[in-house]
Amino acid sequence: MSALIQYNVLHYRSLGHHLPRQPRALSRSISCSVITKPRNAKQLNIDQPAVEVALEKSQTKPAVLAASPPARPKRRVILDDPSLQSTWSHRGWVASGSAVVIISLAECISEAATSHIWLQPLLASFLGYLIADLASGVYHWGIDNYGNASTPMFGPQIDAFQGHHKFPWTITERQFANNLHSLASAVTFVVLPLDLVFRQHPFLLGFIGTCSGCIMFSQQFHAWAHGTKSKLPPLVVALQDAGVLVSRSQHAAHHRQPYNNNYCIVSGAWNQILDQLQVFQTLEMILFFKLGVRPRSWSDPDVEWTEVEIHTH
Ligand SMILES: [Zn+2]
Ligand SMILES: [Zn+2]
């Protein structure tokens, strides 16, 4: 089985990370209008440029040749969009998520102070930070590649992350609680019972508190990775440059072709390892051969993945 997977990984890579859907010899031009309506398109003044796409003889991927009408300076629209703003419900979930994380860490410190054992809880916290980065990568890979808005339970997150690839810059306009509330609600439900069960276990509380806290704030780290260096707080830039938080350059690579790497968004420490070992590509092949499900990263880099440029009149 492993040999089969290896063969298919090689085969798949040799084709430029997607399986062919038409003969190589086929040469044709396609003109299409890109349908690019964000959820609140009616609030925007959006000009939809037609994009001419051509498949060359030597290519199996479409190449964007020119935009019609001719390219104009790209202007990023500051959205006065309610879907980017925080509600009191969002703030409530972030408050509850933060509370359970703080309870974990406070209990951990209290127990460590009582027992005078600090090394194990500190190591457990560091482990939690590392595992959070790995978990963010696996989760991000899953919702970028599989399912859609109607998928039970994960539909809204899948829709948000897949939409993020069309409008990546909107994350910098999204308000704090709006950006974090989904993960904060999950952290609340998962960590609260763990806090009660593992009281008096500083090692486990250190791991749980740090891991869940990093997962909850991963969307803020992600937003900072989309920020402009001059506009970010100097401490955030320093932490990004030190590799404590996922760097802007590393995450920028996630938004470039072939759209199948750098999924981790806490520290990004796992990105190089996972990408060099082709862990996600191997998982994709296993899921394809076992279940027949194709990940979105095998698709041509069409409007599903590429950033949509919004022009204003
Ligand atoms: Zn993504
Ligand atoms: Zn992003």
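Can you confirm whether Ile143 is assigned to a helix (DSSP H, G or I), within 19 Å of Asn261 (Cα to Cα) and touching a Phe, Trp or Tyr at 6+ places or on another chain (Cβ under 8 Å)? Judged against the criteria, Ile143 is a match.
If you filter the range 143-172 down to residues that are in contact (Cβ under 8 Å) with a residue 60 or more places away in the chain and closer than 19 Å to Glu284 by Cβ, you find that the one that is farthest from ligand 1 (Cβ to nearest atom) is Tyr146.
Each row is one residue, and each column tells you yes or no for (1) buried (at least 20 other Cβ atoms within 10 Å of the Cβ); (2) among the small types (Gly, Ala, Ser); (3) closer than 18 Å to Phe198 by Cβ.
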site: Gly92; (1), (2), (3): no, yes, no
site: Ala106; (1), (2), (3): no, yes, yes
site: Pro152; (1), (2), (3): no, no, no
site: Pro168; (1), (2), (3): no, no, no
site: Glu173; (1), (2), (3): no, no, no
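Applying the set (1) at pLDDT below 90; (2) within 13 Å of ligand 2 (Cβ to nearest atom) to His164 leaves exactly one unmet item: (1). I'd like to know if the range 199-222 contains one or more residues that are within 16 Å of ligand 2 (Cβ to nearest atom), of a type in the set (Phe, Trp, Tyr) and within 24 Å of Leu130 (Cβ to Cβ). The answer is yes; a qualifying residue exists.
Only one of Ala149, Ala132, Ala160 is of a type in the set (A, V, I, L, M) and not in a helix (DSSP H, G or I); which? Unique residue meeting the criteria: Ala149.
The values are calculated or read from the model by the stated rules, or taken from the named source; none is laboratory data. This structure is a prediction, so every number in the text was calculated from the model and none was measured. Note that each Cβ is placed from the backbone with ideal geometry, even for glycine, and that neighbours are counted across all protein chains shown.
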